[in-house]
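The values are calculated or read from the model by the stated rules, or taken from the named source; none is laboratory data. Quick caveat: nothing in here was measured; it's all calculated off a predicted structure. Positions of Cβ are backbone-derived with ideal geometry, glycine not excepted, and every protein chain shown enters the neighbour counts. The accessibility values were calculated without ligands, DNA or RNA, using every heavy atom of the protein model including side chains. Shrake-Rupley method; radii C 1.70, N 1.55, O 1.52, S 1.80 Å.
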Amino acid sequence: MKKNFKYYGNSFLARITLMVMLGIGLIAVTVSVVVLVMSRNAFTETYGTSQEKVFEQIEKELNDFHGNLQDVISAIDSSWAFRLYLNGDDELDNVMTFQNIYQMEKDLEQSKSSDMERLNILVLGTGGKHYLSRTETISASDEEIMDSEAVKTALMEPEIMHYTFSHGAYTATAKDADVVIVSKALYFQESREVYAVVLVTLTMDDMRKYYDYFISDYTSLYLVGKDDRVICSDNKGLIGSVMEEPWYGQAQKTEQTRFVTKNGGKNLTIMKRELTYLGCSLYGVVDNNLALENLYDMPLLIVICAFIGVLILVICLIFTRQTTKPLSKLVFKMSMIREGNFNEYMPVEGTIEVKELAATYNYMLDDIRNYIAELLETQKEQRKSEIKALQMQINPHYIYNTLASIKWLVYQNNSEKTIQMIDAFISLLRNTISNADEFITISQEIENLQNYILINHTRYGEAVKVEFYVSQSCHDCLIPKLILQPFIENAFFHAFPSGRGGSIQILMKQRGEDLEIRIIDDGIGMNQSKAEQVVKQETKKEHFSGIGIHNVQDRLRLLYGGNYGIRIESVEQEGTTVVVTLPVRRRTEDKNEGNE
Amino acid sequence: MKGMNRVIFPVLLFGMLIIAGCGKMEKQEEKARDMQEIVIWTWDETFNVKAAEMAAAEYQKEHGDVRIIVETKEREEILADTKNMLSAKLYENLPDIIMIEDYDVQEVLSLYEDEFVDLTKQVDYSKFADYKNQLCQRNGHMYGIPFDSGTAALFYRIDILKQAGYTEEDMQDLTWDKYIEIGKNVYDKTGIPMLTLDPTDFPLVRLIMQSCGSWYVKGDGCTADIVGNKALQQSLMIYEQLLANNIGISVNGWNEFISAFQNGEVATVLSGGWIISSIKANGEQAGLWRVAPIPVVEENQNAVAASNVGGSAWYVLEHSANSRAAAEFVVEMFGENDSFTDSLISEIGIVPAVKNPTVFENYEAQDAFFGGQQVTKLLTGLADEIPTVNYGSKTYEIEDILEEEFQNVLVDGKMEQCLQRAQMKAEAVVRE
């Protein structure tokens, strides 16, 4: 298994991760954008509506406030004490004045509503009398007061109350402050002669309490007079100046009391009310973008999205990993099949699909194993019958030549030797052709070999001696039939050419679990490479049977596996040694072998 | 699934911690950016406001990181706003330092003791007059820094009195009978009344009462003392006489009280030492004024020629934006800085509420405005003789009742019944 990046990049897990990430990203972005856009619109609408309610509350408060002020002013106007003080003072003695002043205080006290406790009321009589409701001093002279815009407008229209912005008012505490001055002239009904002016000074802080709950970082309020001048606002920079904002112009033209507009890149909701009693207009401005910014904490939104994304990814990975784990295992097992290992079965677990896959795989593996076993069996059988056929093929030349040798012995009248020869031949043929067993004991094999050697000695003379050295325990060991004959044959005809004498020694002994058979000759030998070729090559010579050296090796491998076989060591002019290694098998085991 | 839970929960928890952590960090940063801005609320432009502005200017020289804003407000407004906002805990609209008049202090402290910075350990109180310390403390803790003493004196226009044939000697060791007699003559000869009387404010009643060692309440501070209060009765009778004989002219409100003497419409002013700055505001009258101890009530054996009107102290609000910096400021300027107090004596004529005024360089200074009199020495000398009274916490509430009943006295002349009604109402007010 190659564990490199490309492998993982192409893996199931990586693809799923990628898809999940893409999916989450896509969903997060689309949903966020859609929700943001939708809620932005909805918010602008609902927030505008709710702010309008607040705005209406301010309108009501201001109207109430106006009503209260009106009560105070009309209380002053209708108070006999004030009228006496401001107009007919000369007729009063000191004690009466003392009482009168107290009465003024009481009259005013009664008319004030509770939220106007510390109202700054200055009453200026045309006769030069002052009344100031607070414990402080008047810092402006009478002329300055009479010259002020608030007084002038009041004198021009004495019937109504006027709201004027002023930087600096008449008393010590409001000397340098931005204030709203409410002015109203008091006059006699019939003659319409003005006898006093009431000036109520309200600092911006005083005003603020009427609209404070509307104000935030993204909302502001403007009270604008008839001359388009801002009388009062939380936007300190604009107080006292003429309104020039584009939205203001728009608000003038439209009939709507609430509308949304773009103003210098800002998305504003404008609310508008005419305060007819006050003679002013009230404007509420909401910066929707800022309000939204406040509403949506973008970094938090992103963090949450990312966090949930990672969470889903992790869960996905865990699930996917669990699902694909059996698949990876399957892949691993399948790659082992390629190496010839058919024993790796899959545990059947996981999801239904994977279970099915594993079961099918195991079933297939079973089939393959069966087929292979069958195939091997068939091949074995085939080989067996091939060998059988081969060992049946006694070379006719061998028979002719042997019979010719026997005829020659009969001519010589060597009847004893003739009988010996014929017995050996009969025994050899019987053991080779008639005996159907594939395995024979070493004793039987030696008997065959001795018959074969006897025939050879008779035919070719006794120049080559053959000696057997068999350890006692080996006699009943089973070996495949005719496994040694080809080597002896080979030694007779190739190791001792042209009547050369010598000896062949056959050594059989048990070494551990193995049976080792050595066939050693002191013939002419050959070089090692030729020796190895001999084992493989089929030679069409006068063999005794169809079994030659070349298929001994095959037979042994087929019967006993790769650990067994033959080995030839040869040195030129010194001789050749053939070593045959077989497992030790005896008669009882042979039966088991046959049953297998 | 069990295995998976083990993975998911720590991950979730970790994520939440990160989110929570982010939020906290932002908030901390915001606080660090705050500037040291100290806001002071006080009243009286020529006196308290000026003193605060002088202190601010001097303090800012050495403390560049501090900005001090002095806001002029009405005395009642400061009290009402402070009480309202403290009860609603709207700290962001409150200043750091407020001035409270001595009459109101105990009421405020009894309601909102925890809202003021405890200065007990930061200030050496032993140098301040004992009666002042008594006013700033509650349950053994000191909350304010005494400012001016409010020692009362008789300020008079020597030029007007001379027109009626009186000299400076005539104005010493006065009794009220003598004062009324002089007043009658002055009004007859010049048409100018002696002083102003406001039907809605009775500082003169308080002045006379304290000079006799009594108050609207008894020594415990919570028992109304109206009916049996001789000094009160005597002071109201003096009031009646002053009014009836045109010696005390009726005015309305603070503005007319101030403008009356500034415009030369009255011959004398009977008030606390803090009025000096307002008197001096009209430079044209320089040299025309003199100071003398107040008249005594002859019929009252407790009466002395010394009393107190007003007087106030600085208080630092515990939960204001820059409470610590504000406390450092008042302690440094008003609690420990003798040379600054010295400059206040010369600039606004403050009568410092200390035990030993001789430490000040300007203690013996001669004031040309008052014809070269040693005003500070005179007033601080008088301060030692002021009878100590317990103001209780309802001074102005009881006075409102008295003002109302006094109107009835003027109508039917039945002082006894009026005082009895006032006693009843006052008992209802002082009950705690």
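Residues are listed down the side, and each one gets a yes or a no for (1) over 19 Å from A:Tyr452 (Cα atoms); (2) surrounded by 15 or more Cβ atoms within 10 Å (Cβ to Cβ):
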| residue | (1), (2) |
| --- | --- |
| A:Tyr371 | yes, no |
| A:Thr378 | yes, no |
| A:Glu381 | yes, no |
| A:Ser385 | yes, no |
| A:Lys388 | yes, no |
| A:His397 | no, no |
| A:Ile406 | no, yes |
| A:Asn413 | yes, no |
Check your understanding: Within the range B:248-278, how many residues turn out to be over 22 Å from the mean Cα position of the chain (by Cα) and more than 9 Å from chain A (Cβ to nearest Cβ)?
Key -> 5
Check your understanding: Of the residues in the range A:134-176, how many are within 14 Å of chain B (Cβ to nearest Cβ), open to solvent by 30 Å² or more (accessible area, probe 1.4 Å) and not β-branched (Val, Ile, Thr)?
Key -> 5
**Study point:** Test result for A:Ile73, closer than 20 Å to A:Thr171 by Cα and assigned to a helix (DSSP H, G or I)
**Key:** yes
**Study point:** Residues (open to solvent by 50 Å² or more (accessible area, probe 1.4 Å) and at pLDDT below 80) located in the range A:16-54
**Key:** A:Arg40
Exercise for review: State whether one or more residues within the range B:136-143 are buried (at least 22 other Cβ atoms within 10 Å of the Cβ) and not assigned by TED's automatic domain parsing to the domain that holds B:Ile398.
Suggested key: yes
Point to revise | Residue check for B:Ala426: farther than 12 Å from B:Leu236 by Cβ and either surrounded by 17 or more Cβ atoms within 10 Å (Cβ to Cβ) or not polar (S, T, N, Q) (or both) | key: yes
Revision key, fill the gap. With the first residue restricted to the range B:61-87 and required to be facing chain A (nearest Cβ under 8 Å), and the second required to be in a helix (DSSP H, G or I) and at pLDDT 90 or above, Cβ contacts under 6 Å at 6 or more apart or on different chains are B:Thr72/B:Val49
Exercise for review: State yes or no: is A:Glu117 open to solvent by less than 40 Å² (accessible area, probe 1.4 Å), at pLDDT below 90 and within 14 Å of chain B (Cβ to nearest Cβ)?
Suggested key: no
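Rundown of residues vs (1) assigned by TED's automatic domain parsing to the domain that holds A:His550; (2) open to solvent by less than 90 Å² (accessible area, probe 1.4 Å), yes/no style:
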| site | (1), (2) |
| --- | --- |
| A:Ala359 | no, yes |
| A:Ile419 | yes, no |
| A:Leu428 | yes, yes |
| A:Asn435 | yes, yes |
**Study point:** Per-region count, the range A:179-220, residues in contact with a strand residue (DSSP E or B) (Cβ under 7 Å, 6 or more places away or on another chain), more than 25 Å from B:Glu74 (Cα to Cα) and not acidic (Asp, Glu)
**Key:** 11
Check your understanding: Only one of these conditions is not met by B:Glu45: (1) part of a loop (DSSP other than H, G, I, E, B); (2) modelled with pLDDT of 90 or more; (3) touching a helix residue (DSSP H, G or I) at 6+ places or on another chain (Cβ under 7 Å). Which number is it?
Key -> (2)
Check your understanding: Which pairs have Cβ atoms under 7 Å, sit 6 or more apart or on different chains, and link a residue in the range A:371-389 that is of a type in the set (Gly, Ala, Ser) to one that is assigned to a helix (DSSP H, G or I) and open to solvent by 100 Å² or more (accessible area, probe 1.4 Å)?
Key -> none
Check your understanding: Taking the range B:60-87, which residues are within 21 Å of the chain's Cα centre (by Cα), of a type in the set (Asp, Glu) and open to solvent by 30 Å² or more (accessible area, probe 1.4 Å)?
Key -> B:Glu71, B:Glu76, B:Asp81
Study note, to complete from the structure: In the set A:Val331, A:Val286, A:Val260, the lone residue that is in contact (Cβ under 8 Å) with a residue 12 or more places away in the chain, away from chain B (no Cβ under 14 Å), aliphatic (A, V, I, L, M) and open to solvent by 60 Å² or more (accessible area, probe 1.4 Å) is A:Val260
Practice item. Look at the range B:221-247 and say how many of its residues are farther than 30 Å from A:Thr171 by Cα, within 13 Å of chain A (Cβ to nearest Cβ) and in a loop (DSSP other than H, G, I, E, B). Key: 1
Practice item. Find the strands (runs of 3 or more DSSP E) located wholly in the range B:253-321 whose residues include 3 or more that are outside the structural domain of B:Leu174 (by TED's automatic domain parsing) and either farther than 14 Å from B:Thr196 by Cα or in contact with a helix residue (DSSP H, G or I) (Cβ under 8 Å, 6 or more places away or on another chain) (or both), and list them. Key: B:312-316
Practice item. Check whether at least one residue in the range A:292-299 is within 14 Å of chain B (Cβ to nearest Cβ), at pLDDT 80 or above and closer than 30 Å to A:Tyr47 by Cα, and report yes or no. Key: yes
Review point. Of the numbered conditions (1) under 17 Å from B:Gly392 (Cα atoms); (2) in contact with a helix residue (DSSP H, G or I) (Cβ under 6 Å, 6 or more places away or on another chain); (3) buried (at least 23 other Cβ atoms within 10 Å of the Cβ), B:Pro199 satisfies every one except a single condition; which is it?
Key: (1)
Point to revise | Filter result for A:Ser529 (assigned to a loop (DSSP other than H, G, I, E, B) and open to solvent by 50 Å² or more (accessible area, probe 1.4 Å)) | key: no
Practice item. Please identify the pairs in which a residue from the range B:335-346 that is within 14 Å of B:Glu58 (Cα to Cα) has its Cβ atom under 8 Å from the Cβ atom of a residue that is open to solvent by 40 Å² or more (accessible area, probe 1.4 Å) and of a type in the set (A, V, I, L, M, F, W, C), counting only partners at least 6 apart or on another chain. Key: B:Asp338/B:Val359; B:Phe340/B:Met54; B:Ser343/B:Met54; B:Leu344/B:Met54
Check your understanding: Could we say that A:Ser183 is surrounded by 16 or more Cβ atoms within 10 Å (Cβ to Cβ), free of Cβ contacts under 8 Å to residues at least 40 places away in the same chain and small (Gly, Ala, Ser) here?
Key -> yes
Practice item. Among the residues of the range B:378-398, count how many are within 14 Å of chain A (Cβ to nearest Cβ) and crowded, with 20+ Cβ neighbours inside 10 Å. Key: 0
Practice item. Could you identify the single residue in A:Val200, A:Val224, A:Val230 that is closer than 30 Å to A:Lys129 by Cβ, in the same structural domain as A:Ile145 (by TED's automatic domain parsing) and open to solvent by less than 20 Å² (accessible area, probe 1.4 Å)? Key: A:Val200
Practice item. Answer yes if at least one residue in the range B:154-163 is touching a Ser or Thr at 6+ places or on another chain (Cβ under 8 Å) and either free of Cβ contacts under 8 Å to residues at least 12 places away in the same chain or closer than 30 Å to A:Ala81 by Cβ (or both), and no otherwise. Key: no
Review point. Among the listed residues B:Leu232, B:Leu207, which satisfies the condition of being in contact with a strand residue (DSSP E or B) (Cβ under 6 Å, 6 or more places away or on another chain) and open to solvent by less than 10 Å² (accessible area, probe 1.4 Å)?
Key: B:Leu207
